[in-house]
Amino acid sequence: MKMSNLRIRWAWLREDNRRLVRLLLIVVTFVSTVSVVILAAAANRV
């Protein structure tokens, strides 16, 4: 019983990690897009 419980917990942890990676990718994409927009605005201003 303990072994199956461990396996379930490991699967849950892996799924959680996948969600975290997806969130990290979204954040990185958002930050890079915002920085590009700011750079473009700064270039237009000059």
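Every number in this text was worked out from the coordinates using simple rules, so none of it is lab data. The structure presented is a predicted model; accordingly, all values stated were derived computationally and were not measured. Cβ atoms come from the backbone with ideal geometry, glycine included; neighbour counts cover every protein chain shown.
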With angles folded into 0 to 90 degrees, how steeply does helix 2-45 sit against the dominant principal axis of the chain? Use alpha carbons for both and round to 10. 0
Consider the candidate values (i) 23, 16, 9; (ii) 26, 12, 4; (iii) 44, 4, 4; state which one is semi-axes √(5λ) of the Cα gyration tensor in Å computed from the structure displayed. (iii)
Note down the magnitude of the dipole of the chain about its Cα centre, charges +1 on Lys and Arg C-beta and -1 on Asp and Glu C-beta and zero elsewhere, to the nearest 20 debye. 280
Which residue, T33, N5, N44, has the largest displacement toward the positive end of the dipole of the chain when charges sit on each Cβ (Lys, Arg +1; Asp, Glu -1)? N5
